[in-house]
1. Select from region 10-45 the residues that are out of contact with any strand residue (DSSP E or B) (no Cβ under 8 Å at 6 or more places or on another chain), part of a loop (DSSP other than H, G, I, E, B) and open to solvent by less than 80 Å² (accessible area, probe 1.4 Å) and list them in ascending order.
2. Among the residues of region 229-242, is there at least one that is within 16 Å of the ligand (Cβ to nearest atom) and either under 24 Å from Thr115 (Cα atoms) or open to solvent by 10 Å² or more (accessible area, probe 1.4 Å) (or both)?
3. I'm trying to understand the selection: among the residues of region 166-192, which are assigned to a loop (DSSP other than H, G, I, E, B), open to solvent by less than 10 Å² (accessible area, probe 1.4 Å) and closer than 13 Å to Cys77 by Cβ?
4. Within region 207-228, which residues are open to solvent by less than 40 Å² (accessible area, probe 1.4 Å) and free of Cβ contacts under 8 Å to residues at least 24 places away in the same chain?
5. Out of all the residues in region 280-304, which are aliphatic (A, V, I, L, M), over 17 Å from Ala351 (Cα atoms) and not in a loop (DSSP other than H, G, I, E, B)?
6. Can you find a residue that is away from the ligand (no atom under 16 Å from the Cβ) and open to solvent by less than 10 Å² (accessible area, probe 1.4 Å) anywhere in region 89-96?
7. Could you check how many residues of region 46-81 are more than 12 Å from the ligand (Cβ to nearest atom) and open to solvent by 30 Å² or more (accessible area, probe 1.4 Å)?
Amino acid sequence: MKKRIYLCLAHMSGREMEFIQDAFDTNWVVPMGPNVNGFEEDLEKFINRREGATPLKKSVVGLSAGTAAVHLALLACGVGRGDEVIVQSFTFCASSHPVTYLGATPVFVDSEPETWNMDPDLLDEAICDRIAKTGRKPKAIVPVALYGMPYRIDRIMEVAARYDIPVVEDAAEGFGSRYRGQMLGTFGKYGVLSFNGNKMITTSGGGALVCETAADKNKILFYATQARESYPYYQHEQIGYNYRMSNICAGIGRGQMTVVDEHIAHHKHVQELYCEWLAGVPGIEMHTNPDADCDANFWLCTATLAPELRIKGQDEAYARVVAGAVGGAASVTHAAATPTTDCQPNANVEALRVALDAAGIEARPLWKPMHRQPVYASAPSYVNGVSERLFSMGICLPAGPCVSDDDVRYIVSQIKAAVEA
Ligand SMILES: *Cc1c(COP(=O)(O)O)cnc(C)c1O
């Protein structure tokens, strides 16, 4: 039986156990300690470097999850009950759910077709319209580096500056991606990183927030550690959270940072192989850097299928209710009530997913836009059709250090075999 090929599997450097052993030897088995500090320093060194320019001076705080980083960044931007936050609609739910945790409302903005990320013109329009309709400015703007592709951060920062609204970059999928030589996560007021098991690097579960200043970092640390005041006893004047990173997890992170550049290089290599080997297949198009400003990490490699492309078995796609999680990777405990919804990928995409799954290859549709998610039915949205069209046509393919050249050759051969002659 051939090994199963996953979308993005964690890949250890071999150094992780040294740092974990050190935590045990020194009894730092708590959510703070030398590994947390060391990992934050590694992250700062990594994120602050720039091509042909002096390094930046951003601070990084290690947290228990990327979702926690989004939550605390919004909290620090003053988001509260009744506020609005602009969020890229084409994203994973962790970009928008924390808006709801805070009692605020997400306002979804659609993507532009080049990077698939937040459309700066539509962002401008949305802010204008929210001010006209509510008399108040949105409290923050959350662009997302989907699949690692950089957003048009120069244009987004220009719009944000014009209205004086802070930007929280969701670079959870874009760790190590650059725009004009500068790392994603370092442009906005805050930058979100994730080290979940399937991300560019992992701490098993974890995240971090990139902060502009040491004072901002202190503010985040305060909220991440139950908002304690410096009295000899527990004194609480604000509501805090238990969101600090564990010293054990940070040990994994330090091991991972020894191979982060190799990991990213390998993701880019896999992307190049797909581009080369799928080039001759009509109706299948890889999503690539649109220009030299964008330097994606290709966390996941993605492709779109032309609606007229015929995939074997597509007439039977969606005939059955899917049981459990696609690919078996995530914990899905709710059963689907129906085989279909009113917004889903085209039949050829689902047929290709099923064909690859049968061949031992995990593939997944693109993320379903938040403005089409039932849970956000009442949230305002500013749409242009781009994310919905991409969702109907797109598929994510395996990437990362665990995917060999032979694996890509096999995946491409299975894609070609699935196309109707
Ligand atoms: C993974 C992810 C997050 C959150 O990260 P966790 O560490 O899983 O909480 C946030 N935003 C996006 C776009 C993500 O893909």
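The values are calculated or read from the model by the stated rules, or taken from the named source; none is laboratory data. Keep in mind that what you see is a predicted model, and the values were worked out from it rather than measured. When we count neighbours, we look across all protein chains shown, and the Cβ atoms used for this are built from the backbone with ideal geometry, even at glycine. When the accessible area is computed, the model is the full protein with side chains, heavy atoms only, and any ligands, DNA or RNA have been set aside. Shrake-Rupley method; radii C 1.70, N 1.55, O 1.52, S 1.80 Å.
1. So the first thing to find is which residues in region 10-45 are out of contact with any strand residue (DSSP E or B) (no Cβ under 8 Å at 6 or more places or on another chain), and the list is 10-30, 33-35, 37-38, 41-42, 45.
With part of a loop (DSSP other than H, G, I, E, B) added as a condition, the list becomes 10-15, 26-30, 33.
Answer for region 10-45, where residues must be out of contact with any strand residue (DSSP E or B) (no Cβ under 8 Å at 6 or more places or on another chain), part of a loop (DSSP other than H, G, I, E, B) and open to solvent by less than 80 Å² (accessible area, probe 1.4 Å): Ala10, His11, Ser13, Gly14, Thr26, Val29, Val30, Gly33.
2. Looking only at region 229-242, we keep the residues that are within 16 Å of the ligand (Cβ to nearest atom), and these are 241-242.
Those left that are additionally either under 24 Å from Thr115 (Cα atoms) or open to solvent by 10 Å² or more (accessible area, probe 1.4 Å) (or both): 241-242.
Yes, region 229-242 contains a residue that is within 16 Å of the ligand (Cβ to nearest atom) and either under 24 Å from Thr115 (Cα atoms) or open to solvent by 10 Å² or more (accessible area, probe 1.4 Å) (or both).
3. If the condition is that a residue be assigned to a loop (DSSP other than H, G, I, E, B), open to solvent by less than 10 Å² (accessible area, probe 1.4 Å) and closer than 13 Å to Cys77 by Cβ, then Gly188 is the only one that fits.
4. Listed by number, the list holds a single entry, Ala227.
5. The answer is Met286, and nothing else.
6. no
7. Of the residues in region 46-81, 12 are more than 12 Å from the ligand (Cβ to nearest atom) and open to solvent by 30 Å² or more (accessible area, probe 1.4 Å).
One line per residue, one yes/no per condition, for (1) closer than 30 Å to Met12 by Cβ; (2) β-branched (Val, Ile, Thr); (3) assigned to a loop (DSSP other than H, G, I, E, B):
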| site | (1), (2), (3) |
| --- | --- |
| Val332 | yes, yes, yes |
| Thr340 | no, yes, yes |
| Cys343 | no, no, yes |
| Glu350 | no, no, no |
| His371 | no, no, no |
| Ile395 | yes, yes, no |
| Val408 | yes, yes, no |
